[in-house]
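The structure appears right after this line, and notes come after that.
The values are calculated or read from the model by the stated rules, or taken from the named source; none is laboratory data. The structure presented is a predicted model; accordingly, all values stated were derived computationally and were not measured. All Cβ positions, glycine included, derive from the backbone under ideal geometry; neighbour counts span all protein chains shown.
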Amino acid sequence: MARKLRIQFPGAIYHVLNRGNYKSDIFADQGAAHAFVKTLEEAVERFGWRLGAYVVMRNHYHLTFQTPEPNLSAGMHWLQCTFATRFNRLRNERGHLFQGRYKAILLETNTDWARVADYIHLNPVRAGIVAPDQLTQFRWSSLTRYSKSQRFNGLSSLGWLQIHGLQDVEQDWLRYADILLQKHTNSSSDTNDERVALTSGWAIGSTIWKEQTLQGALAEMKDSPRSEGLHLPREMLQIKWRLRLEEELKELSKSAEELMADRKSAGWKVALAERLQRETGASTIWLAESLHMGQPSSVRAYLWKYRKNHGNTT
């Protein structure tokens, strides 16, 4: 199975989530949930994370944290493997607990961090596990730890709570709970949109930041053995293709205006399309739109003819 690209850098902020294998209720009993939280506490201290929020549901978990050191992969590997070993040992079981690799979504700003923290803390209410007025009583949530001043080393609201205009004091945690409940009431009609926005893709942030972040990650991974077999999400691929297109245009001394103005079947455009597809795997649909070459079917015809004339029809 292809590995997902993990983008790591000092100070990176993530929304991390994973589900039980085959969506099984691995946290259905309190012992399992308690064991996971204790293992999480150890991971946070061991790897120096700043854990902003967490929640452990019946069959999945959500975390959002900042990594002062670029150690997401090492930390998550330790967390999930250590918990799985303890879980299986206690129950005399074997096998994978989680459904493949965890999802780690990069966050650009503290505002994005606050949105994810709010989403995480509202999970028990939205799932119908607790009543809205009992939100701060859900045992397996960081909100309960914050509200009852029972936090552990590394659990910190620094960076995201201030976005709400609040401070880390008892009275402001009560205000924060009210903000969450108001948010839940006002957003009940578009809860699914919020869920998709905060749990999909590889990053939450501006287009410019995403491009810069991906460009840096690809440059770092270039010619590295770790880059073999990596799977890039579609949005990442399109950014990668666009960055490569910009490089190619610069080498050809061509402008974006010329790319748009020249005829669809211009020889240099067809050669460029062939090179981009051969070397980066750019899709025909993307090439047709980005190189202004008409319909995808036309691009396929141009490429077939070009490859035939140049002795390459593979």
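Applying the condition of being aromatic (F, W, Y) and crowded, with 18+ Cβ neighbours inside 10 Å to the stretch 1-35 and asking which residue is nearest to the chain's Cα centre (by Cα) yields Y14. Residues that are farther than 30 Å from L5 by Cα and not in a helix (DSSP H, G or I) within the stretch 103-159 comprise A127, G128, I129, V130, A131, F138, R139, K148, S149, Q150, R151, F152, listed in sequence order.
Residues in the stretch 44-74 that are crowded, with 21+ Cβ neighbours inside 10 Å and in contact with a Ser or Thr (Cβ under 8 Å, 6 or more places away or on another chain) were compared, and the one that is farthest from S157 (Cα to Cα) is V56. Considering the stretch 79-100, the residues that are closer than 13 Å to Y61 by Cα and under 18 Å from the mean Cα position of the chain (by Cα) include one that is modelled with the lowest pLDDT, namely Q99.
Quick grid of which residues meet (1) surrounded by fewer than 18 Cβ atoms within 10 Å (Cβ to Cβ); (2) of a type in the set (V, I, T):
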residue	(1), (2)
A117	no, no
V125	no, yes
G128	yes, no
D133	yes, no
W140	no, no
L158	yes, no
I163	yes, yes
L180	no, no
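Condition first: β-branched (V, I, T) and surrounded by 14 or more Cβ atoms within 10 Å (Cβ to Cβ). Now tell me which residues in the stretch 281-314 satisfy that. Answer for the stretch 281-314, where residues must be β-branched (V, I, T) and surrounded by 14 or more Cβ atoms within 10 Å (Cβ to Cβ): T284, V299. Under 23 Å from L143 (Cβ atoms), among the basic types (K, R) and surrounded by fewer than 20 Cβ atoms within 10 Å (Cβ to Cβ): is that true of K38 in this structure? Spelling it out, K38 is indeed under 23 Å from L143 (Cβ atoms), among the basic types (K, R) and surrounded by fewer than 20 Cβ atoms within 10 Å (Cβ to Cβ). Among the residues making up the stretch 29-62, those that are aliphatic (A, V, I, L, M) and not in a helix (DSSP H, G or I) are L51, A53, V55, V56, M57. Among the residues of the stretch 290-304, those that are touching a residue at least 12 places away in the same chain (Cβ under 8 Å) and not β-branched (V, I, T) comprise S290, L291, H292, M293, G294, P296, S298, R300, Y302, L303. Evaluate the stretch 280-287: report whether one residue or more is aliphatic (A, V, I, L, M) and in contact with a Leu (Cβ under 6 Å, 6 or more places away or on another chain). Yes - at least one qualifying residue is present in the stretch 280-287.
With respect to R86, is the statement that it is in a helix (DSSP H, G or I) and assigned by TED's automatic domain parsing to the domain that holds G31 true? In short, yes. Cβ-Cβ contacts under 6 Å between residues 6 or more apart (or on different chains), taken from a first residue in the stretch 59-70 that is touching a residue at least 40 places away in the same chain (Cβ under 8 Å) and of a type in the set (S, T, N, Q) to a second residue that is in a strand (DSSP E or B) and buried (at least 17 other Cβ atoms within 10 Å of the Cβ), are listed as N59/R19; N59/G20; T64/H15; T64/G52; T64/A53; Q66/I13; Q66/R50; T67/A12. Of all the listed residues (V116, V196), the sole one being more than 22 Å from G48 (Cα to Cα) and among the hydrophobic types (A, V, I, L, M, F, W, C) is V196.
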